[in-house]
Protein chains: 2
Amino acid sequence: MLLAAEQRHRSRLCVGLDPEPSRLPGRWRGDPAHLYDFCAAIVDATADLVIAYKPQIAYFAAHGAEGQLERLMAHIRVTAPDVPIILDAKRGDIGSTAEQYAKEAFERYGADAVTLSPFMGFDSVEPYLRYHGKGVFLLCRTSNPGGDDLQARRLADVPGEPRLYEHIAALAQGPWNRNGQMGLVVGATYPQEIERVRAIAPTVPLLIPGVGAQGGDAATTVRAGWRGDAQGRTTGPVVVNSSRAILYASGDDGFAVAARAEAQRTRAALWL
Amino acid sequence: MLLAAEQRHRSRLCVGLDPEPSRLPGRWRGDPAHLYDFCAAIVDATADLVIAYKPQIAYFAAHGAEGQLERLMAHIRVTAPDVPIILDAKRGDIGSTAEQYAKEAFERYGADAVTLSPFMGFDSVEPYLRYHGKGVFLLCRTSNPGGDDLQARRLADVPGEPRLYEHIAALAQGPWNRNGQMGLVVGATYPQEIERVRAIAPTVPLLIPGVGAQGGDAATTVRAGWRGDAQGRTTGPVVVNSSRAILYASGDDGFAVAARAEAQRTRAALWL
């Protein structure tokens, strides 16, 4: 689904749907009742430009707006039926609880993929893999200041003393990756680390947040993470996320037009 | 709040509220519309026996039952005003998203504490600490089969080559623990590891799931994790969680009476 959307829309751009009430445009500003209206308008303005959408559940949950998220998921499905939806939830729990979260993501919200934390190990991921045709993106290397705190530590008891994030990349490419359902989340701030993850995990999709408002450079990010064969066919896909730079390209009633223009610019910058 | 509840109820028992529709008693079986009714009855039957309640958000989110969780939180507050409520959510995200999750846990649901994953580092935890008087329990050592996958790895570039979970315990006792707001989640299956965490983090509250249905022994768990001074006053608290053994002590209309009896047994076993 990801590869088809990439080719059809000639895009590696994922639009992150992280709506903050205080940043909604015009009359909607400050009113969480308009999270759906805002995001739906962004989807309408960008549906032909993206490889994926990534709604962030926290922005809805903080306001008791799960119903608006359900409507948004349905709206994306109708408006852009060929575009995968990655629910950004970063869940991480065991056994029966993981089953509940998988049900939430895949059945209640109808997501195509979900972001997960690998911290609790393989059996915290496995319940999601039972949904055939659905994907998971494991947190691997995040580019926030605290990303180093644990992820950059070297592991003394794993051959080669990889860093924790490198070990996760190896697990996701190999033993944990049943049926090709697994991708990795790697921040855009450190292109060398994207390259390192790609060397360890040559074929898994990389979800790369941090281009745009967070400062990562688009072309550098794609060169570090995307891989193709001699015919230019994608063998190692990247899904490069931009949220705030697109959502808040304009704070007034022209926000959707401005969002489309910014999405076009970012899409072009990512299509080398 | 935790220490006051421990002394008032002479209890180290936390009742986990993880309601599965398929395990609800009698006429409610299979109907997610009765998650609140079931949990509220469990609370009514155990309010004088516990040090804390721990609702697990996934069991509500899977069924679109956030409204029932809101009602349950309010019901606990009224029924057991002196009992802290730990929202088990295992969130882990950065900056502005963490702020949204903190708002969800502390403002929307009114929890006293929330469980978090430390994987993304300190700045993924810090937004929660801005809520003074609220607590966070960081995942440290989980006793599921995959808990070893990452948590048990030795860190080559930290002095002493601690295991990842030992490093997290040190962070939670020291540099990350502003205003004494931090606790740790440590599974009950391996008492030696509880002892190890307690040696590294002598004063933080330990939230210990896995007694009861998951098989951990009550007395062994308390000996490994609880610490007191010469007068028997608690200096290193434990919050020992049991969910299924209490919730599903009986599958018929006598479930609340059976839950109370099981909670009394477990509370006694934990009060050495």
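Per-structure values
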| read-out | value |
| --- | --- |
| Qualifying position, being of a type in the set (Val, Ile, Thr), surrounded by fewer than 23 Cβ atoms within 10 Å (Cβ to Cβ) and either more than 8 Å from every other protein chain (Cβ to nearest Cβ) or closer than 30 Å to residue B:30 by Cα (or both), among B:79, B:115 | B:79 |
| Conditions (1) within 12 Å of chain B (Cβ to nearest Cβ); (2) part of a helix (DSSP H, G or I); (3) not polar (S, T, N, Q): number failed by residue A:88 | (2) |
| Tally of residues being in contact (Cβ under 8 Å) with a residue 60 or more places away in the chain and either over 13 Å from residue B:189 (Cα atoms) or touching a Cys at 6+ places or on another chain (Cβ under 7 Å) (or both) across the range B:208-241 | 7 |
| Any pair with Cβ under 6 angstrom, 6 or more apart, that starts in the range A:138-161 at a residue that is at the interface with chain B (Cβ under 7 Å from one of its Cβ atoms) and ends at one that is part of a loop (DSSP other than H, G, I, E, B) and of a type in the set (S, T, N, Q) | A:139/A:117 |
| Filtered residues of the range B:120-130 (kept if in a loop (DSSP other than H, G, I, E, B) and either surrounded by fewer than 18 Cβ atoms within 10 Å (Cβ to Cβ) or touching a residue at least 40 places away in the same chain (Cβ under 8 Å) (or both)) | B:125, B:130 |
| Condition check for residue B:200: β-branched (Val, Ile, Thr) and more than 8 Å from chain A (Cβ to nearest Cβ) | yes |
| Single unsatisfied condition, residue A:135 versus (1) in contact with a Phe, Trp or Tyr (Cβ under 8 Å, 6 or more places away or on another chain); (2) closer than 25 Å to residue A:83 by Cα; (3) more than 7 Å from chain B (Cβ to nearest Cβ) | (1) |
| Yes/no for residue A:93 being part of a strand (DSSP E or B), crowded, with 24+ Cβ neighbours inside 10 Å and either modelled with pLDDT of 95 or more or more than 12 Å from chain B (Cβ to nearest Cβ) (or both) | no |
| Filter pass, residue A:109 being in contact with a helix residue (DSSP H, G or I) (Cβ under 8 Å, 6 or more places away or on another chain), within 7 Å of chain B (Cβ to nearest Cβ) and under 19 Å from residue B:57 (Cβ atoms) | no |
| Test: residue in the range B:149-167 that is crowded, with 19+ Cβ neighbours inside 10 Å, touching a His at 6+ places or on another chain (Cβ under 6 Å), at pLDDT 95 or above and under 27 Å from residue A:169 (Cβ atoms) | yes |
| Residues satisfying the stated conditions in the range B:48-65, i.e. surrounded by fewer than 19 Cβ atoms within 10 Å (Cβ to Cβ) and either in contact with a Phe, Trp or Tyr (Cβ under 9 Å, 6 or more places away or on another chain) or closer than 26 Å to residue B:261 by Cβ (or both) | B:48 |
| Residues of the range B:1-54 satisfying the condition of being within 14 Å of another protein chain (Cβ to nearest Cβ), in contact (Cβ under 8 Å) with a residue 40 or more places away in the chain and either closer than 22 Å to residue B:78 by Cβ or assigned to a loop (DSSP other than H, G, I, E, B) (or both) | B:16, B:17, B:18, B:19, B:54 |
| Test result for residue B:136, at negative phi, in a strand (DSSP E or B) and in contact with a helix residue (DSSP H, G or I) (Cβ under 8 Å, 6 or more places away or on another chain) | yes |
| Qualifying positions in the range B:166-207 - touching a residue at least 24 places away in the same chain (Cβ under 8 Å), in a loop (DSSP other than H, G, I, E, B) and small (Gly, Ala, Ser) | B:187, B:188, B:201 |
| Identity of the residue in the range A:229-272, of a type in the set (Gly, Ala, Ser) and in contact with a Gly (Cβ under 6 Å, 6 or more places away or on another chain), that ends up surrounded by the most Cβ atoms within 10 Å (Cβ to Cβ) | A:242 |
| Filter result (more than 18 Å from residue A:51 (Cα to Cα) and modelled with pLDDT of 95 or more) within the range A:193-219 | A:193, A:194, A:195, A:196, A:197, A:198, A:199, A:200, A:201, A:202 |
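The values are calculated or read from the model by the stated rules, or taken from the named source; none is laboratory data. These figures come from a predicted structure and were not determined experimentally. Here the Cβ is made from the backbone with ideal geometry for all residues, glycine too, and neighbour counts use every protein chain on show.
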